[in-house]
Amino acid sequence: MKMNPYLSFDGSCEEAFKTYAKVLGGEIVAMLPYKDMPMENNFPPEWGKKIAHARLIFGDNVLMASDASPERYKPMEGVSVTLNIPEPAEAERVFDALADDGKVDMALDETFWAHKFGVLVDRFGTRWMVNCEKPR
């Protein structure tokens, strides 16, 4: 069994996933706009280019998402996407890239369990934890 986060965006899914693919070194394997969906007539025409489903693969991880309509979109609350990165320098690079134009809730720093740990909300509204654990 595998668990894959599924994110909702307010119309910025495509831009967010292109950013995530670049930052995480992944490949977008699906980016399906509403206009190409079988039930495209159920959505307003201005939603044609918004994303009904996106899938990003990086390493052995999968991240999925879509744009939610304004009446259904709710900002991420009570959950974080956590990245466990083995090298401190890579943790810093990823944290800094995701934090660009976002909000850092906890600066990336050493903790009792990690060489580096930090929390941020990126410019797309996704809450991330970046963790670089110390050896046990």
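The values are calculated or read from the model by the stated rules, or taken from the named source; none is laboratory data. Remember, predicted model here, so these are calculated numbers, not experimental data. A quick note on method: Cβ atoms are made from the backbone with ideal geometry, for glycine too, and the neighbour counts reach across all protein chains shown.
Observations
- Among the residues of segment 88-108, the ones that are in contact with a strand residue (DSSP E or B) (Cβ under 7 Å, 6 or more places away or on another chain) and either small (Gly, Ala, Ser) or more than 20 Å from Ala54 (Cβ to Cβ) (or both) come to 12 in all.
- Residues satisfying the stated conditions in segment 84-124, i.e. farther than 21 Å from Glu14 by Cα, assigned to a loop (DSSP other than H, G, I, E, B) and not aliphatic (A, V, I, L, M): Pro86, Glu87, Glu110, Thr111, Phe112, Trp113
- Condition check for Ser69: on the phi < 0 side of the Ramachandran plot and at pLDDT below 95: yes
- Selection from segment 10-46 of residues that are of a type in the set (Ser, Thr, Tyr) and within 22 Å of Asp101 (Cα to Cα): Ser12, Thr19, Tyr20
For every residue, the table says whether it meets (1) within 16 Å of Ala16 (Cα to Cα); (2) out of contact with any Leu (no Cβ under 8 Å at 6 or more places or on another chain); (3) loosely packed, with under 10 Cβ neighbours inside 10 Å.
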| residue | (1), (2), (3) |
| --- | --- |
| Ala52 | yes, no, no |
| Arg55 | yes, no, no |
| Asp60 | no, yes, yes |
| Ala65 | yes, no, no |
| Ala68 | yes, yes, no |
| Glu71 | no, yes, yes |
| Gly78 | no, yes, yes |
| Val81 | yes, no, no |
| Asn84 | no, yes, no |
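- Among residues of segment 9-39, those that are of a type outside the set (Asp, Glu) and either in contact with a Leu (Cβ under 8 Å, 6 or more places away or on another chain) or within 25 Å of Arg93 (Cα to Cα) (or both), counted: 16
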